[in-house]
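Here is the structure we will look at, set down as C-alpha cells.
The values are calculated or read from the model by the stated rules, or taken from the named source; none is laboratory data. What you are looking at is a predicted structure, and each value in this text was computed from that prediction instead of being measured. Heads up, the Cβs are rebuilt from the backbone with ideal geometry, glycines too, and the neighbour counts pull from every protein chain shown. Heavy atoms of the whole protein, side chains included, go into the accessibility calculation; ligands, DNA and RNA do not. Shrake-Rupley method; radii C 1.70, N 1.55, O 1.52, S 1.80 Å.
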Amino acid sequence: MEAARARPTAADSRRDCVICHLTWAESFDRRGAVLLMDRPPGPVVAESETCLGCHDGSVGDDRRRVWTEHGHRTRIKPPPTMQVPPVLPLTDGQITCRTCHTAHGGTGPETIATIVFLRVRNESSQLCVLCHQGMAKGPTMGTHPLGGMPWPVPEEVILAGGKVGPRESQLICQTCHVAHGSAQDDLLVMGTESSQLCLTCHAKMRPGMFRPDIPREHPQNPPLETPAQFEAIAEMGTKTGPGDTLICLSCHKVHDGLAGRYMLAGSLHDSDLCIRCHPEREAMVGTPHDLRKSAPESVNRLGQTPEQSGPCGACHSFHTFARRPDPMAGDPTGLCTSCHQPGAPAAKNTGLPISHPVDVTAENIVGQTDLQLYPPFGEAQPLRLACLTCHDPHMVRQGEFLREEKPALCGECHADQATNMVDAHNFTDKPDLKNARGQSAKEAGHCGFCHAVHQALGPMMWVATQKAPDSPNELCTECHRAEGMGAAKPVSLFTHPTGPKAVDPTLTTSLPLYNASVEILDKGFVACGSCHDPHVGLAKSPDMLRNGLQPAALCVECHTEQAQVHGGPHDISTTPAAWPDDLQEPGRLCLGCHKAHSNDAARQLWTVAPAAGAPTHSDAICIACHVSAKWSIDGPPQKDQAMHPRLIERPLDAGDLPIAPAEAPGGVAAVECRTCHNAHLDSAANHLLRRTHYAETQGVCFVCHDNARPIGRSLHAYWVAESLRSADRPCGPCHAVHAVDGSLRENLWAAGLNPAGADRTQQECLACHGQGGSAKAVNVVQHPDVIMQELLKRHLAIPAPVHALIPEDRITCTTCHLPHGRQDIRGPVPPASATQAAVAQLRALKPMLRSRVSDQLCAMCHGFDGARRYLYWHRPEQRPVELTSPTTAE
C-alpha cells in the first residue's frame, strides 16, 4: 500500500474495487448525490451473480460449466453436522462462491492454466475435507479411502473429468467428483445408475458371474422383485438404478457405510445384509448348511470363518465365489462339490458316487418340469442335470434339502411313472417290507424304495435288495423268486426268449432293449423290462405291460410282420367258436396261440399241447389243431394229409422260406408246415401260403421249383381257361400238396390218370387231353419201338434229371412238350379276365413245345428233307413231276 501511495499517477483503488465491492462506492455517502440505485443491504461481492457477471463466457479463462451445468450448491446453509472453518467464510450463514474462492489470489504458486482462486489448496482434497470431514476417514470408519491406489486410475475416469493427486495414482475427492460442470448426481464424473463409476475402477472386483453369458454368484443389475427387497433398500437408505435395479450403491455406502473395508450398508453378522433381501433363506440358519454349526473352523476364499462371514458368506460372496467351484460328475456347476467331497467341510456327506444318470439335458426329459438345469462352471451351455436341480441348500421343508417331497420330486421329470405307479409296486402301505438300506417305502418314498440317486448298489440305481442285479432280468427276478419280496408272483418256468441269445440285429422297436450291463440300447436284447413296466398301475394294465398296451399291441411292437394275423383265420375274433372260452378275452389276439409265460411243461409257450408223433415240434403245434393235415408218410394218402416230401436230398435254394435242418444222414433240409404256410396272414384264401416275390398265385411253389415258374405264361396258366382256375390248389388242377380225392403221391398228382396212355406221362396228360377230358383232345402219335434215348439227348439237349424220366423206347408227350411252359417265353402275365385275343396271341408263341421242337418239329430227327421224301413216296399226288419208267419212255 505504501508503494501505491508513492506513485503519483496511481488510480483510486476504491474506483477499481467498486467494480465488485459495490457497497464501497463513495456516491452512497456523498451529500446531495443523485443515486441511480439504493445502497445494497449487504456485500454484493459475496453474491454468486457477482462472479457470474464476468464468468459468463466473456472472459478467456471462463469456465462455462460453472453456470450452465450442475455444480456445487450455493445459497444453502451447511447441515448441523458440518462445521465450516472460519477460513471458508459464509455469507449470512450460507455457502456462496466466496466460501471456497477469493478474487485476491489463492495460496501457493498457480498459473493461468490452473488458477482457480481457491482459499485453500486442494490438490490432495485439503479444501474438500475441511467441510466434508466424515467423508474421508477411511475404511475403519466406513468411508472410501483416499491416497495411493494399488493400480492406476483408469483412463476412462480421467477423460470424464476425474483428477488424481500430485503423487501417481493418488486418489482424491476430485477423482470421482467435480465441483462444477457435472452431468451426474452428487457431482460425479460418471453415473452410478448402472454402477459405471464403481466398476470402471473396480474392474477386478467385477466377478465373472456379472457377465450375462456365464453363471454368476450375485447378478449385476437385477430388478428388485419382492416387497422385502424394496423395504430393505428403504431401510438402509441406499439407491437403485433405473427400473429399480440393484447397483453397487444398493449395498455399499461410499461415505457413510459400516466400519470395515467393504463400506456395507448392512451388517454381515448373522448375514443380516443378505437376509434383508432374501428372508426366505433364513430357514437355512441353524441347519447343517450353516457352517457355524457344522464346520466352524473352515474358512472361505477371503479367509473368513463362518462366524466372521455370516452363514451366507461361508458359501456366497457378492463379487466372487466364497469357495472355488470344483465341477465333478453330477455337479457341472461345482458349487455343491466344493464342499461335498473328500477333504472338504462336508466330506461326510459327499453323496458320491452319484447313481442317477448325469448327462440329462432338456431333450431327455419328457413333458414339462419346473426344475432347472445348469451349465458347466464358466460356460453358458449345455444345460444339464446338477445337484441344484433336485436340492436347494436353503430349503428345509423336506429332508436332505430336497426341493419337493421325494415321489413328487421324481415325478417332475418322470411324470408317467410317478402318476401310474399307484398300486402294484407302491409299498407305502406295507411297512414290513424293507429295502437294502433298511428303509420302508414310507421312509424312502415309493420311488426311493427301489432306486437311490446316490450310492446305489447296482444298475438302475438299485437299492431294493442286497444283491444287485447281474442281468436285466434280475431287475425283476431278484424280488419275484421263491425267497424274494415278490414271491407271491414267482417267475414262470417258461418265458418269452430273453437275453443275449435273443438278439435280433434287424429288430426296430420302441420298446427298451438291454445289454448285459443292464443298459438300455437301441440294438440290444429283450428282457423282462422290454414288455413289462414296473411303474404301470394295475388299473391301466393288469399285467403291467409297458405303456399300458393290450397284449397284441405290445407283441406287434417287435413282431410287426405277424400283425397281419388281424382279421385272418387265426384271429380269435373272426372264428371265436374255434377257440377255448378262456382265450376269448379282448386284446388277446396273439395269445390265441402263444403265451409269454407258462408253467405248463407240455404246452410251454403254446395254448395247445403239441401233437404226439409229429415229425418236428413246429409241425406238432400245427397238427394239434389241424389234425388231418399231418404228414402222410406210409400208406395211401388220406384226404387233407400232407404228401409233399419232407426230406430234401439235393441242394435246395429255398429263398426266404423257413426250412428245418436235415434229419436223415446226407439230407439237405426238411420241409415243415411253416415252410409253405404263414399262420399270421390275414386271409384264408390260398391256404395261408407265404407271400413271395413271384406275382403268380402259386408263387410259393416256385421258390423251390423254379423250373415250373413259366406256367404263368403258358397255356396251362390259370387265366387261359375256366377249368384251370382252381382257388384251392395253388398249382392248378394237376398237383396237390395236401391230398384230395384220387391223389397220388408220385408227382403229388391230383388230376387222375387215363389208362389209354402208353406210359405214366401220357396217362397224366390224357387225363385232361384225352377223349372226354376237360381240355382239348389230341391224337397220340405212336412212334415205332426203337431206341430213342441217345437221339433225344443229342438233339433236344434235355437236362439229365429230366430226360431220365422220358421212356427210352418211344416218343411220349413230354418228349416234345413242356407241361409248365418254356423258359424263353417273356412278357407280363395277363389278367385273369384275359380275352380270347390274348389267348390266341399266346398260342401263336407255342409255349408248350420245347424250343427246338417248335423250330424244327420232325426234321429235328428226320432231317430237313424228311417231309419231302415222305410226301414223294407216300402221297404220289403231291409229287411235283410225274416220273415214267425207261421202258415207257422208249
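As an exercise, identify the trypsin sites (Lys or Arg not before Pro) in region 251-299 lying in DSSP coil whose Cβ has no more than 15 other Cβ atoms within 10 Å. Please list the in-between numbers first.
Working: sites: Lys253, Arg261, Arg276, Arg281, Arg292, Lys293; in loops: Lys253, Arg261.
Passing sites in region 251-299 are Arg261.
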* To do: DSSP loop (so not H, G, I, E, B), at most 16 other Cβ within 10 Å: list which trypsin sites (Lys or Arg not before Pro) in region 440-488 pass both filters.
  => Lys467, Arg481
* **Coarse-grained scattering of region 441-531 at q = 0.13 Å⁻¹, given as base-10 log I(q)/I(0) from a Debye sum over alpha-carbon atoms** => -0.48
* Under the Karplus relation 6.51 cos²θ - 1.76 cosθ + 1.60, θ = phi - 60°, what is the ordered set of whole-Hz ³J(HN,Hα) values for region 145-157, x standing for Gly and Pro? -> x, 10, x, x, 10, x, 9, x, 5, x, 4, 4, 5
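Whenever you get a sec, line up Leu652, Leu335 from highest to lowest accessible area (probe 1.4 Å, protein heavy atoms).
Working: Leu652 40, Leu335 70 Å².
Reading off the accessible areas and sorting them downward yields Leu335, Leu652.
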* To do: Could you sort 489-496, 85-92 so that the peptide with the highest average Cβ count within 10 Å comes first and the rest follow in order?
  => 489-496, 85-92
* Over what distance in Å are the Cα centres of region 125-144 and region 70-93 separated? -> 17 Å
* To do: Using Cα positions and a limit of under 25 Å, work out the lysines in reach of Lys846, with same-chain residues fewer than 8 apart set aside.
  => Lys776, Lys793
* **Trp462 long-range amide H proximity, modeled H, under 5 Å** => Ala452, Leu457
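Just in region 261-345: which GluC sites (Glu not before Pro) are loop by DSSP and have at most 15 other Cβ atoms within 10 Å?
Details: sites: Glu280, Glu282, Glu297, Glu307; in loops: Glu297.
Sparse-neighbourhood loop GluC sites (Glu not before Pro): Glu297.
Which entries in the list Lys293/Lys442; Lys595/Lys639; Lys348/Lys406; Lys489/Lys595; Lys501/Lys630 go over 20 Å, if you measure between the two C-alpha atoms of each? Intermediate values should be presented prior to the final figure.
Details: Lys293/Lys442 30 Å; Lys595/Lys639 32 Å; Lys348/Lys406 22 Å; Lys489/Lys595 17 Å; Lys501/Lys630 31 Å.
Result: Lys293/Lys442; Lys595/Lys639; Lys348/Lys406; Lys501/Lys630 exceed 20 Å.
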